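A.B. asks: Mind looking over this structure? Questions follow.
Computed from the coordinates by the stated procedures, all read-outs in this text should not be read as laboratory data. It should be emphasised that the depicted structure is a prediction, and the values quoted were computed from it without experimental measurement. Glycine gets a Cβ as well: all are built from the backbone with ideal geometry, and neighbour counts include every protein chain shown.
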Ligand SMILES: [Zn+2]
Ligand SMILES: [Zn+2]
């Protein structure tokens, strides 16, 4: 069972503690073949990077690609899910700047409007989890997949409660990966078994905020073993995922 890549990592440019290069060096030392650098994106009030910093990262990453030729480096963001309608903070017209788009909900996203504050931001912060709200949150992720070119859904059930099985059904259809996050693995065994039955594919991600944690995810490995999840359904075990936003031959 060999982990080939880690597709969700942070640096000092958002709330991580390590630099781009420290993450890269750690990935090389751990023996993985692909690493995505995905800092919190633009609408994250506390730690989101600016577009200017993002562009600077691109330049630095192009240097790192030459310095560390044995590691394939992907540059993208952890974009914020920001509305019931599925808005995220990567605009469709700037999609070409991203090799990977991870989408996650964080209560620190900047509300889009007064309406958005009351119908999504506030109920989420208050952890309202009535059946009706869970359904609305579930639809928010489904709308996000329909509206945007999403590669990975990060840490489902973290921050807002959803029906992960319903999301998995759509993710399977849209070829979006569902993350098994090292810190926030928010599925019951029963849910996870049902998600596996949909045929959806998962990725194991560290969500590392320190370089030493790159490629580390004991929780995911334990649950895969315990529930006997077929390795063929884990896209970065012994193989590489196919990300919609990533074109190896293109210059970013
Ligand atoms: Zn996150
Ligand atoms: Zn993260």
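A.B. asks: Rg and Dmax of region 73-185 over Cα atoms: what are they, in angstrom?
C.D. replies: That works out to 13.3, 41 Å for Rg and Dmax.
A.B. asks: Moving on. Which whole-number percent is the relative contact order of region 177-239 (Cα, under 8 Å, 6+ apart)?
C.D. replies: Computed value for region 177-239: 40 percent relative contact order.
A.B. asks: Sorting check: for 242-249, 73-80, which peptide has the highest mean count of neighbouring beta carbons within 10 Å, and how do the rest follow?
C.D. replies: Put in order of decreasing packing, that is 73-80, 242-249.
A.B. asks: So for region 181-252, considering every pair of alpha-carbon atoms, how many percent are separated by more than 17 Å?
C.D. replies: For region 181-252, the share of Cα pairs beyond 17 Å comes to 51 percent.
A.B. asks: Could you tell me whether region 1-158 comes out rounded, prolate or oblate from its Cα gyration tensor? Rule is a ≥ b ≥ c as square roots of the eigenvalues, rounded for a/c under 1.5, then prolate if a/b exceeds b/c, otherwise oblate.
C.D. replies: prolate
A.B. asks: Sorting check: for 98-107, 172-181, which peptide has the highest mean count of neighbouring beta carbons within 10 Å, and how do the rest follow?
C.D. replies: Peptide ranking by packing, descending: 98-107, 172-181.
A.B. asks: Tell me the mean residue ellipticity at 222 nm calculated for the chain from its helices only (DSSP H runs of n ≥ 4, each -39500 (n - 2.57), averaged over every residue, nearest 500).
C.D. replies: Working: 7 runs with 78 residues, N = 252.
Roughly -9500 deg cm²/dmol at 222 nm, from the helical runs in the chain.
A.B. asks: By its C-alpha gyration tensor, with a ≥ b ≥ c as the square roots of the eigenvalues, how is region 114-252 shaped: rounded for a/c under 1.5, else prolate for a/b larger than b/c, else oblate?
C.D. replies: Judged from the Cα gyration tensor, region 114-252 comes out prolate (a/c at least 1.5, a/b above b/c).
A.B. asks: Next question. Mean separation of Cα pairs under 8 Å and 6+ residues apart, divided by the residue count of region 75-114: what relative contact order is that in percent?
C.D. replies: Answer for region 75-114 is 51 percent.
A.B. asks: Okay, next question. Going by the alpha-carbon gyration tensor, a ≥ b ≥ c the square roots of its eigenvalues, is region 108-147 rounded (a/c under 1.5) or, if a/c is not under 1.5, prolate (a/b greater than b/c) versus oblate?
C.D. replies: Verdict is oblate for region 108-147.
A.B. asks: Moving on to the next point. If you count the DSSP beta bridges with both ends in the chain, what percent of them are antiparallel, to the nearest 5?
C.D. replies: 10 percent
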